[in-house]
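Asks: Below is one structure. I have some questions about it.
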Amino acid sequence: MAEKKIYGMLAEFDSTRAIYHACEEVRDEGYKHWDACTPFPVHGLDKAMGLPPSKIPWIVLGMAILGGIAGFTLQWWTTVIDYPILIAGKPMFSWPAFMPVTFELTVLFGAFGAVFGMFGVNRLPTFNHPLFNSERFQAVTDDKFFIAIEARDPLYDKRKTKKLFKKLGATHIELVEE
């Protein structure tokens, strides 16, 4: 039977204060491939982890601009170039009439950017994550806080990482297999 590959090390903490302090320490140690999992949002945890700002607002903005340009261009093309019809002496390019469709496509493309941008940035769908193999990790949906440092991290060393977690006051430490 083939030996299972190690995903990383998982440490359990009991409080928001403990996880916050532990995240700051892990960040300061220089780890790059790690994550914190909590049963509810912890204010400021992203800063404690040293996470960069989200890319989602830029994706939404780009898609919204693309939607507005696409809507406006489509209407301009059909009324001025492709099928011009002169009605009651009105100008061919009557841009105020184009605004409702332009606005709606701006909102539609922005919403698509938000949904599909979240899927892409969060690498979803993930049907099975190695952390789900841990029995103790199920408590993350109830009242426990966890930090997982992946084995692919350049600084990951089984003994040093375990020593760090013990120093940080982890109540339980375990290796997670893929």
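Asks: Which condition number does A111 fail, the rest of (1) in the same structural domain as C37 (by TED's automatic domain parsing); (2) out of contact with any Lys or Arg (no Cβ under 9 Å at 6 or more places or on another chain); (3) part of a helix (DSSP H, G or I); (4) within 29 Å of F40 (Cβ to Cβ) being met?
Replies: Exception for A111: condition (1).
Listed here are the residues, each with its yes/no results for (1) acidic (D, E); (2) farther than 24 Å from I173 by Cα; (3) surrounded by fewer than 17 Cβ atoms within 10 Å (Cβ to Cβ).
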| residue | (1), (2), (3) |
| --- | --- |
| K5 | no, no, yes |
| M9 | no, no, no |
| D14 | yes, no, yes |
| G30 | no, no, yes |
| G67 | no, yes, no |
| Q75 | no, yes, no |
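Asks: Let me confirm something: among F146, F165, F109, which residue is over 28 Å from T16 (Cβ atoms), surrounded by 11 or more Cβ atoms within 10 Å (Cβ to Cβ) and of a type in the set (A, V, I, L, M, F, W, C)?
Replies: Working: F146 fails: over 28 Å from T16 (Cβ atoms); F165 fails: over 28 Å from T16 (Cβ atoms).
Answer to the selection: F109.
Asks: Now, a different point. From the set of residues in the range 146-178 that are part of a helix (DSSP H, G or I) and of a type in the set (A, V, I, L, M, F, W, C), which is nearest to P130 (Cα to Cα)? I'd like the intermediate steps shown before the answer.
Replies: Here is the first cut: in the range 146-178, the residues part of a helix (DSSP H, G or I) are 158-168.
Keeping just the survivors that are of a type in the set (A, V, I, L, M, F, W, C) gives 164-165, 168.
Details: L164: 22, F165: 19, L168: 23 Å.
Top of the filtered list is F165.
Asks: Still on this structure, I have one more. Can you spot a residue in the range 125-145 that is more than 30 Å from A70 (Cβ to Cβ), more than 18 Å from the chain's Cα centre (by Cα), aromatic (F, W, Y) and in a strand (DSSP E or B)?
Replies: yes
Asks: While we're looking at this one, here's another question. Which one of these does A48 not meet: (1) crowded, with 18+ Cβ neighbours inside 10 Å; (2) in a helix (DSSP H, G or I); (3) out of contact with any Asp or Glu (no Cβ under 8 Å at 6 or more places or on another chain)?
Replies: (3)
Asks: Here's a follow-up. Filter the range 153-168 for residues that are within 15 Å of L10 (Cβ to Cβ) and in contact (Cβ under 8 Å) with a residue 12 or more places away in the chain; which is nearest to the chain's Cα centre (by Cα)?
Replies: Among those that are within 15 Å of L10 (Cβ to Cβ) and in contact (Cβ under 8 Å) with a residue 12 or more places away in the chain, it is D153.
The values are calculated or read from the model by the stated rules, or taken from the named source; none is laboratory data. Only a predicted model underlies this, so the values are computations on that prediction, with no experimental measurement involved. As a convention, Cβ positions derive from the backbone with ideal geometry for all residues, glycine included, and neighbour counts pool all protein chains shown.
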